[in-house]
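Quick note: the coordinates plus some simple rules give every number you see, no bench work behind them. All of these numbers come straight from a predicted model, not from anything done at the bench. Counting neighbours? That spans all protein chains shown, and the Cβs are built from the backbone with ideal geometry, glycine included.
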Amino acid sequence: MNNSVMNTVRLLGAGLRALLVLTLVTGVVYPLVVTGVAQALFHDKANGSEVKADGKVVGSSLIGQSYTLPLKKGQETPDPDLKWFQGRPADGLGSNSVNTRYELLLSGATNLSADNKNLIQGVKDARAAVVKDNSVPGYTVKASEVPADAVTSSGSGLDPDISPAYAEIQAHRIAERNGLPVARVEKLVREHTQGRTLGFMGEPRVNVLGLNIALKDLVAER
């Protein structure tokens, strides 16, 4: 009887020691080591790829933002602020998703098939808006010139980048709204165009947040 009790006590003691050691190693030491390595070698990425302007964090280079005007009375969807470059549509999980305003509570695609009537109509409406918003005196955008990323959302609905073609279409409107030469705005787009990752993955892209920060600085210098 005594041996049985002693064996049970020893087993419980061994189990408790193992629990404490594993808790210390996996719950304290390992997270500290991983965090330390991440901060030392990948500081920017480990902290959310934050983007700063005027000494303040204004967003992440990995997450898109909306550039809209304040809601008017009776409005449910704000109008775009056309003095800024606009990103891709953020349809998120559908028209009822809070993610349509980049609020980051949800992310995902619309999950609508290519022949879905709502999707087709949404693309047509978005294309018409791109043509209307970016056509200015002396420059008219043709429907055939509107790239796919200007009228469709990404798989996450949070894409921070647009194609150089979409950025270039917006250059004339940006120049007019901000009193800048078109050539200077086009140069700004080229300066912020990133090539394919490692030279072969993905497509050339322009980060909208970075481009708008540079635009703000350019307007301030005017």
Return the single residue from 178, 111, 207 with maximal mean-square fluctuation; model: Gaussian network over the chain, springs between Cα atoms under 10 Å. 111
The chain - percent relative contact order, Cα under 8 Å, separation 6 or more: 17 percent
Within the set 179, 202, 27, GNM on the chain using Cα springs under 10 Å gives the largest fluctuation to 27
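Starting from the coordinates of the alpha-carbon atoms of the range 49-221, obtain the Kirkwood hydrodynamic radius over all distinct pairs and give the value in Å to one decimal. The partial results should precede the final answer.
Working: mean 1/r = 0.0593 Å⁻¹.
Computed over the range 49-221, the radius equals 16.9 Å.
With a cut-off of at most 13 other beta carbons within 10 Å, and DSSP calling the residue loop, which chymotrypsin sites (Phe, Trp or Tyr not before Pro) in the range 21-90 qualify? Please list them.
Details: sites: 42, 67, 84, 85; in loops: 42, 67, 84, 85.
Counting only loop positions with at most 13 other Cβ atoms within 10 Å, the chymotrypsin sites (Phe, Trp or Tyr not before Pro) in the range 21-90 are 42.
Could you list 154, 66 so that the one with the fewest beta carbons within 10 Å of its beta carbon is first and the one with the most is last?
Numbers: 154 19, 66 16.
Ascending Cβ contact count within 10 Å gives the list 66, 154.
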Straight distance only, please: which lysines reach the Cα of residue 73 with their own Cα at less than 27 Å, same-chain residues fewer than 8 apart left out? 83, 124, 132
Give me the one-decimal nm value for the distance between modelled label points at residue 30 and residue 120, 7 Å along each residue's Cα-to-Cβ direction. 5.3 nm
Rounded to the nearest 500, what is the 222 nm mean residue ellipticity of the chain from helices alone, with -39500 (n - 2.57) per DSSP H run of 4+ residues and division by all residues? -14000 deg cm²/dmol
For the range 48-85, state which trypsin sites (Lys or Arg not before Pro) are in a DSSP loop and have at most 11 other beta carbons lying within 10 Å of their beta carbon. 72, 73
Within the set 151, 21, 189, GNM on the chain using Cα springs under 10 Å gives the largest fluctuation to 21
